[in-house]
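The values are calculated or read from the model by the stated rules, or taken from the named source; none is laboratory data. Here the structure is a predicted model, which is why all the values come from computation and not from measurement. Neighbour counts run over all protein chains shown; Cβ positions are idealised from the backbone, glycine included. Heads up: the accessible areas ignore ligands, DNA and RNA and are worked out on the full protein's heavy atoms, side chains in. Shrake-Rupley method; radii C 1.70, N 1.55, O 1.52, S 1.80 Å.
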Amino acid sequence: MNDIEQKILSDYALALAKWQVELYQGRNKRKDDAIQRYFNSTPARNTFARMMFLAYQDDKLHYTKAEIARQLFITRQAASQMIEDCLAEGWIEAHCEGKTICYKASQTLADKMMNYVEFHIDTLTRNPVTDLYMSLRHYQRAQQIKAS
């Protein structure tokens with residue numbers, strides 16, 4: 001790695017760290033209601049919300065209790081508790097695929113996810129992380145072409 005590539009990579013690392021701190025702070029500041037407090041309380045719950053949103057958007061995704069537990073590296077009992085909590089609040093919905101019960105986000109959770117997307121985009125526009133990443137990739141590609 002030459003000095004130019006190392007400098008871009010170093011600048012990217014700094015921007016990435018700052019952006020991730022801003023995302024963390026934003027998630028913790030954005031606890032205005034029960035749904036935000038719940039899904040921002042642990043990394044597993046945060047990821048569970050994203051999984052449910054994916055299933056909401058894609059009918060081919062089927063998240064069972066066992067699959068949720070497997071993907072989140074939690075026990076089936078912990079997954080069941082999270083599912084029951086969210087069903088009771090109306091944040092997720094159960095639907096059947098044959099004899100199998102699967103879960104996906106409700107409209108409420110999908111709307112909250114889109115609010116998060118807006119927050120996420122806002123943080124990206126104020127941080128050079130995307131531009132630095134693209135600069136790094138373009139520089140590396142140019143170096144590869146130059147070498148061949």
List the number of the failed condition for LEU109; all other conditions in (1) without any contact (Cβ under 8 Å) to a residue 24 or more places away in the chain; (2) within 20 Å of ARG30 (Cα to Cα); (3) touching a Cys at 6+ places or on another chain (Cβ under 9 Å) hold.
(1)
The range 86-97, subset under 21 Å from ILE35 (Cβ atoms) and surrounded by fewer than 14 Cβ atoms within 10 Å (Cβ to Cβ), residue modelled with the lowest pLDDT
HIS95
If I ask for residues that are among the aromatic types (Phe, Trp, Tyr), open to solvent by 20 Å² or more (accessible area, probe 1.4 Å) and within 14 Å of CYS86 (Cα to Cα), which ones from the range 20-75 would you list?
TYR38, PHE53
Would you tally the residues in the range 68-112 being under 14 Å from THR42 (Cβ atoms) and among the acidic types (Asp, Glu)?
1
Residue pairs, Cβ under 7 Å, 6 or more apart or interchain, first in the range 125-148 and among the aromatic types (Phe, Trp, Tyr), second in a helix (DSSP H, G or I). List them.
TYR133/TYR12; TYR139/ILE4; TYR139/GLU5; TYR139/ILE8
Name the helices (runs of 4 or more DSSP H) wholly inside the range 1-89 in which the number of residues that are among the aromatic types (Phe, Trp, Tyr) is 1 or more.
3-29, 34-39, 43-57
Find all pairs meeting these conditions: Cβ atoms under 9 angstrom apart; at least six residues apart or on different chains; first residue within the range 11-39 and at negative phi and of a type in the set (Asp, Glu); second residue open to solvent by 40 Å² or more (accessible area, probe 1.4 Å) and outside any helix (DSSP H, G or I).
ASP11/PRO128; GLU22/ARG126
Which of (1) part of a helix (DSSP H, G or I); (2) open to solvent by 30 Å² or more (accessible area, probe 1.4 Å); (3) β-branched (Val, Ile, Thr) does ILE101 not meet, given it meets every other one?
(1)
Pairs, first free of Cβ contacts under 8 Å to residues at least 24 places away in the same chain and polar (S, T, N, Q) in the range 53-73, second open to solvent by 50 Å² or more (accessible area, probe 1.4 Å) and in a helix (DSSP H, G or I), C-beta under 7 Å, six or more apart
none
Subset of the range 66-93 [of a type outside the set (A, V, I, L, M, F, W, C), over 21 Å from MET113 (Cβ atoms) and more than 18 Å from the chain's Cα centre (by Cα)]
THR75, ARG76, GLN77, SER80, GLN81
